[in-house]
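Below: the structure, in structure tokens.
The values are calculated or read from the model by the stated rules, or taken from the named source; none is laboratory data. Everything quoted here is computed from the prediction, not taken from an experiment. Note: ideal-geometry Cβ built from the backbone for every residue, glycine included; neighbour counts use all protein chains shown. Heads up: the accessible areas ignore ligands, DNA and RNA and are worked out on the full protein's heavy atoms, side chains in. Shrake-Rupley method; radii C 1.70, N 1.55, O 1.52, S 1.80 Å.
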Amino acid sequence: MATTGAVTEYGQADYSATEPALYVLRPADIISVNVFREPELSIQNVPVGADGILSLPVVGALKVEGMTTREVEQYVMQKLGAGILVNPKVSINVMQFASHVVTVEGSVEKPGMYSFKPGTRLSGAISLAAGPSRVAKLNEVAVFRQRADGIAVAKFDYAQVRLGTMMDPVLQPNDRIIVGTSGLSQFWQDFLKTVPALAIFTRL
């Protein structure tokens, strides 16, 4: 039976197999804003800026980072309804999750940076890299995640993940995955082996 529980001694306490119920916007995401019957106020394929700001016609600059599309819709309707339109109707859609990039390194067939959809898991990222190589050490897979207080590092046994006996964590933007191999530098080999002893956080 598959498990979604975190293995604390592997540093997995900060990772989850549960997909977020609602998506919140991030810098670089590309969205469309449609104002019903008002094409001059609608805009297609507009990016959220690095500062989390979205610039819209008439409305101006809005801080949308961390907001859901529904919250932004309500925000824009409120702004448009303040002396600009009567009972405005607005729909917002995410056209591209450009903020969602994962780096997959180590013993995989095609190391690199990959775009992914929200809800993608560790197994999906490794699949994007064409899977582990023949010499991969599947029990030494590390996921690095940037946090405000440092870098969270968790170790996973990918063989167990595939069997459903270890959590297959949902990725977050800018996660970095390293699949263990004898071809890695000795530093990484030693680091992966000591992840359980390091608990959850390591500053790099």
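Some observations on this one:
- The convex hull of the Cα atoms of segment 1-54, projected and averaged over all directions, covers 6.8 nm².
- Degrees separating the helix 69-80 axis from the principal Cα axis of the chain, which is the longest one: 20 degrees
- Computed over protein heavy atoms with a 1.4 Å probe, the carbon and sulfur contribution to the accessible area of segment 1-134 reaches 53%.
- Taking Cα centre as origin and charging only the Cβ of basic (Lys, Arg, +1) and acidic (Asp, Glu, -1) residues, the dipole magnitude of the chain rounds to 160 debye.
- Hits among lysines - C-alpha to C-alpha of Lys193 under 25 Å, sequence gap 8 or more where chains match: Lys110, Lys137, Lys155
- Here's the picture: charge each Lys and Arg Cβ at +1 and each Asp and Glu Cβ at -1 in the chain, and of Asn45, Thr120, Leu22 the one pushed furthest to the positive end of that dipole is Thr120.
- Coarse-grained scattering of the chain at q = 0.18 Å⁻¹, given as base-10 log I(q)/I(0) from a Debye sum over alpha-carbon atoms: -1.13
- Amide H contacts under 5 Å for Ser42: Val35, restricted to partners 5 or more places along the chain or on a different chain, H placed in the peptide plane at 1.01 Å from N.
- Separation of alpha-carbon centers, segment 69-102 and segment 113-187, rounded to whole Å: 34 Å
- Whole-number accessible area per residue in Å² for segment 21-77, which is evaluated in the context of all protein chains at 1.4 Å: 52 Å²
- What the phi angles of segment 103-112 give under the Karplus curve with 6.51, -1.76 and 1.60, with θ = phi - 60°, is a coupling list of 9, 10, 10, x, 8, 10, 5, 9, x, x Hz, glycine and proline written as x.
- For the chain, averaging the sequence separation of C-alpha pairs within contact (under 8 Å, six or more residues apart) and dividing by the residue count gives a relative contact order of 26 percent.
- Using C-alpha pairs under 8 Å with a sequence gap of at least 6, the mean separation divided by the residue count of segment 75-162 gives a relative contact order of 18 percent.
- Cα lying deepest toward the dipole's positive end in segment 39-110, options Val86, Thr69, Val104, charges on Cβ: Val86
- In whole percents, the pair-distance distribution calculated for segment 1-94 from its alpha-carbon pairs, binned every 10 Å from zero, is 15, 40, 20, 13, 10, 3.
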